[in-house]
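The values are calculated or read from the model by the stated rules, or taken from the named source; none is laboratory data. All values derive from a computational prediction rather than experimental measurement. Because the Cβ atoms are built from the backbone with ideal geometry, glycine has one as well, and the counts that use them run over all protein chains shown. What goes into the accessible areas is simple: the full protein's heavy atoms, side chains included, and nothing from ligands, DNA or RNA. Shrake-Rupley method; radii C 1.70, N 1.55, O 1.52, S 1.80 Å.
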Amino acid sequence: ADLAACSTSQPFKIISTMAEMLGRLTADTGRWVLKQGLRATAPDFWTFQDRTTYRVPARPAISSTPPVRGYGSLRNFPFWDIVLWFLSLLFLIFTARQERRLKHRASLASQTPLHTLRDLRLALRAPPNGFQDDTEDEALSPCSPCSGLSDVSSPRNDVEGELEGPNPSRRRPCRPKPTKKPRHTPDSPETEVPPIEAPFPVGPVQVTIYSMAGNIVCGPMKLTGDFTVADLMRKVANTINEHPLSINLLSGPELLDPKRTLNEVGLLGPVELSLVVSRTRESIAEALYGRASGELWAPPNGLVQAPFSGRSVIFFEAVVIRLYDQWVTIRYRRQVKAGRPAGRDDPGSDSEYEDVEESRWEPREEVIERRRTMVRTFFLIDDSGERAVLDLEDVEGWAFQNSRLTFSETEEAPGNLNVGGALLALVDTERETGTRREEKTLRCGERCEILGEVNLMPTGLRFCNPRLPSEQLHRIDSDNLLEDRPSKLRDKTCLAKVLRDQDVCLEQVELRRSKKYRVGKWFLIAIWLFFGLRLWRQLGL
């Protein structure tokens, strides 16, 4: 428009107008370059703001008509309040379940006594059919403590099958087919019906118990014939203040079976029994629910080497993290001046708001490389010198949860002092600040406490997740082992924790975790009640 207004007879006006336009362009370019230069070199705590102010007219006078209760239409339906109330209820149920689960785990740890690995080994006996793997046809996992062992499963004899194909020399090994047991029917002369044993006579028995030195320990006492040997062992244990499992009763050279009655073991008259107290429980079960504490150990030739620190460890996770700053713009609205609603004689006043746009550098991180490696087998060793394999369900995840940060190193990014780097910094929204390398490890010698099913393997003891039902899995000092009664400890599980710093025992760790869920539970209860009362009022119930 300025150029069109100028006349061709006035060339100096055209030149002055062009010079003015060039000056404006130069000033705008200089301001943009200055702003971008300040943005590129600004530290993280600098903030740039752009503000836009506007006004909102005063509200009309408030009607004196009382509000109508209820939502009235679908537009006023409190949809989000119902959603928030339902979500708070779901989170409350989840938090309560987690608190209950952790309390139960702490109860399992408190009711299971701590024993040495040597005592657990003596109390266990090998399976009657030898050592067999539970998953015969499935491949062992790479982290399984039994993988790679040739003597884990018992050898299987291949039986030659029938001839197959035209070549009679080619035979196929097959497994022996299970034979069906014939039914015992009275009409079939080929099958024999087992004889029915007559019941044992039940009569009073006079029992006197002597020690190995010949002194009377208990008795003489009259007992009924259906009195079990286990009850007699408990009676003797209470008399001499010993544990029932430490009591062994002998009738001559024969050891009495605790699961049978006095008449069933052949005690039909006045008898004299010998007492042997053995505080070491030997071969009482094939599997026990035990608790042990010791140090983690792995063979030196099986340890893995951490890449950054170069140490030999059981498990490591190495992470390379990229550090950079990102230019972030945040827009929000805030009130500058509060207005006054209009009344009958008062026109009111307008409210003033402003839209604020803040721009600043914010630090960011990005993982560019992650690597995990773990040993094939690791053990728990205590002061008794015994060792036990830790066969956990997710052993790598457990090792990651119990590892700690042992190495961290940060490298600063080199400065871009050339022209290309300076121009790139003016238009780029990211700038490199450095690289950080971190390493989490689980080392040998760290103190660990474990609670779970323990059984015997060819390599020694093994702690694993309970494979037997909780009713059949007993503790080493359980009285129910005498008569094979169901265990009173329900819902058994496997717990393992590396104890560090202020951790004293496994029970304390689980109780500390349950307290956090307890606080969250009461907080969610307050939120749930708040939204419930709000819905009650809005729906007019």
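Descriptive notes on the structure:
- For the pair Arg372 and Asp501, a Förster radius of 22 Å applied to the C-beta separation gives a FRET efficiency near 0.40, rounded to the nearest 0.05.
- Based on protein heavy atoms only, the stretch 289-406 ends up with 54 Å² per residue of surface accessible to a 1.4 Å probe.
- A Cβ-based charge dipole, computed about the Cα centre of the stretch 294-360 with Lys and Arg at +1 and Asp and Glu at -1, lands at about 180 debye.
- Scanning residues 5 or more positions from Arg311 or on other chains, those with amide H under 5 Å from its amide H are Ala306, with H placed 1.01 Å from N in the peptide plane.
- Integer Hz, Karplus 6.51/-1.76/1.60 couplings in order for the stretch 217-231, x for Gly and Pro: 9, 8, x, x, 9, 9, 10, 6, x, 8, 6, 6, 5, 5, 5
- Once the Cα gyration tensor of the stretch 327-479 is diagonalised, semi-axes √(5λ) in Å: 61, 32, 11
- Remark: the Glu430-Arg333 segment gains 32.3 nm on full extension, using 0.36 nm per residue and subtracting the alpha carbon distance.
- Estimated FRET transfer efficiency (Asn238, His104; beta-carbon r; R0 41 Å; 0.05): 0.85
- Using alpha carbons only, the radius of gyration of the stretch 240-312 set against its Kirkwood radius gives Rg/Rh = 1.37.
- Accessible-area composition of the stretch 355-407, carbon plus sulfur, in percent [1.4 Å probe]: 39 percent
- Added length on full extension, which subtracts the Cα-Cα distance from 0.36 nm per residue, Asn215 to Arg537: 107.7 nm
- Distance (nanometres) between label positions extended 7 Å along Cα→Cβ at Arg31 and Arg364: 2.9 nm
- At an R0 of 45 angstrom, the distance between the Cβ atoms of Lys259 and Gln326 translates into a FRET efficiency of 0.05.
- Computed extension gain for Glu286 through Asp226, at 0.36 nm per residue and net of the alpha carbon distance, reaches 18.8 nm.
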